[in-house]
Amino acid sequence: MKNLSTAIGAAALLFAATGAIAAAPADGSVASRLKRQGTVFAATTRFTIAGAEVTDNATGLIWRRCSEGQLLVGDACVGDAATFVWEDAIGDALSEVDATGVAWRLPNVKELASIVDRTRTAPCIDVATFPNTPAAIYWSSSPLTGGPKGFWAVNFGIGGVGNLSHNYLYATRLVRATGH
């Protein structure tokens, strides 16, 4: 059962990150059945760091380097990542818009999963680009369709995607489109 859940988790993450799953090759291994489609970027060209922000050259999105609640000092995010229930995570993003005049928002699950780096472990993210990121669950703005009130989240401890009840406390990382 562990292999099946790993395969399902990897497939969910792959789909969330790329929107596409390739056909299964002949060898049938879990790794070979999951093929990321799209442009592959070297670690040194994937992100462009500009102070407290980073541009993802694969998606064009601009991310905050630090989790909400942390402060960038030099090249390090200091302090603890704040945690929010989902509604308060949305409110925090709106407060940042009011405070900065910049269109920060909570990313959708596909956007958030796109910064997962499965070559790394706990946290599954480029820590040079996103320093001191906790190996924690992060809210997305994507609602769960049907069923109880829930939303999609990304677990940077294991690199997986799942849906969770809106009343749990999880971290957030804000994003914006280029030019906003």
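The values are calculated or read from the model by the stated rules, or taken from the named source; none is laboratory data. On a predicted model such as this, the values are computed, not experimentally measured, just so you know. Virtual Cβ from ideal backbone geometry, glycine too; neighbours counted across all protein chains shown. Surface accessibility is based on the protein's heavy atoms, side chains included, excluding ligands, DNA and RNA. Shrake-Rupley method; radii C 1.70, N 1.55, O 1.52, S 1.80 Å.
Go through segment 163-180 and give me each residue that's of a type in the set (Val, Ile, Thr), in a loop (DSSP other than H, G, I, E, B) and either crowded, with 21+ Cβ neighbours inside 10 Å or at pLDDT 95 or above (or both).
Kept after step one, since they are of a type in the set (Val, Ile, Thr), are these residues of segment 163-180: 172, 175, 178.
Checking the rest, the ones that are also in a loop (DSSP other than H, G, I, E, B) come to 172, 178.
Within segment 163-180, just Thr172 meets the criteria.
Given the residues Thr178, Thr172, Thr121, Thr133, which is the only one that is touching a Gly at 6+ places or on another chain (Cβ under 6 Å) and of a type in the set (Val, Ile, Thr)? Write out each step before concluding.
Numbers: Thr172 fails: touching a Gly at 6+ places or on another chain (Cβ under 6 Å); Thr121 fails: touching a Gly at 6+ places or on another chain (Cβ under 6 Å); Thr133 fails: touching a Gly at 6+ places or on another chain (Cβ under 6 Å).
So the residue among Thr178, Thr172, Thr121, Thr133 that is touching a Gly at 6+ places or on another chain (Cβ under 6 Å) and of a type in the set (Val, Ile, Thr) is Thr178.
For Val116, are the conditions met, namely being touching a helix residue (DSSP H, G or I) at 6+ places or on another chain (Cβ under 8 Å), within 16 Å of Trp139 (Cβ to Cβ), part of a loop (DSSP other than H, G, I, E, B) and open to solvent by less than 60 Å² (accessible area, probe 1.4 Å)?
Numbers: touching a helix residue (DSSP H, G or I) at 6+ places or on another chain (Cβ under 8 Å): yes; within 16 Å of Trp139 (Cβ to Cβ): yes; part of a loop (DSSP other than H, G, I, E, B): yes; open to solvent by less than 60 Å² (accessible area, probe 1.4 Å): yes.
Here the answer is yes, as Val116 does meet what is asked.
Report whether or not Ala81 is among the aliphatic types (A, V, I, L, M) and in contact with a Pro (Cβ under 9 Å, 6 or more places away or on another chain). It would help to see each step written out before you state the result.
Values: among the aliphatic types (A, V, I, L, M): yes; in contact with a Pro (Cβ under 9 Å, 6 or more places away or on another chain): yes.
Here the answer is yes, as Ala81 does meet what is asked.
For every residue, the table says whether it meets (1) open to solvent by less than 40 Å² (accessible area, probe 1.4 Å); (2) polar (S, T, N, Q); (3) in contact (Cβ under 8 Å) with a residue 60 or more places away in the chain; (4) assigned to a strand (DSSP E or B).
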| position | (1), (2), (3), (4) |
| --- | --- |
| Ala58 | no, no, no, no |
| Ala82 | yes, no, yes, no |
| Asp88 | no, no, no, no |
| Glu111 | yes, no, yes, no |
| Pro123 | yes, no, no, no |
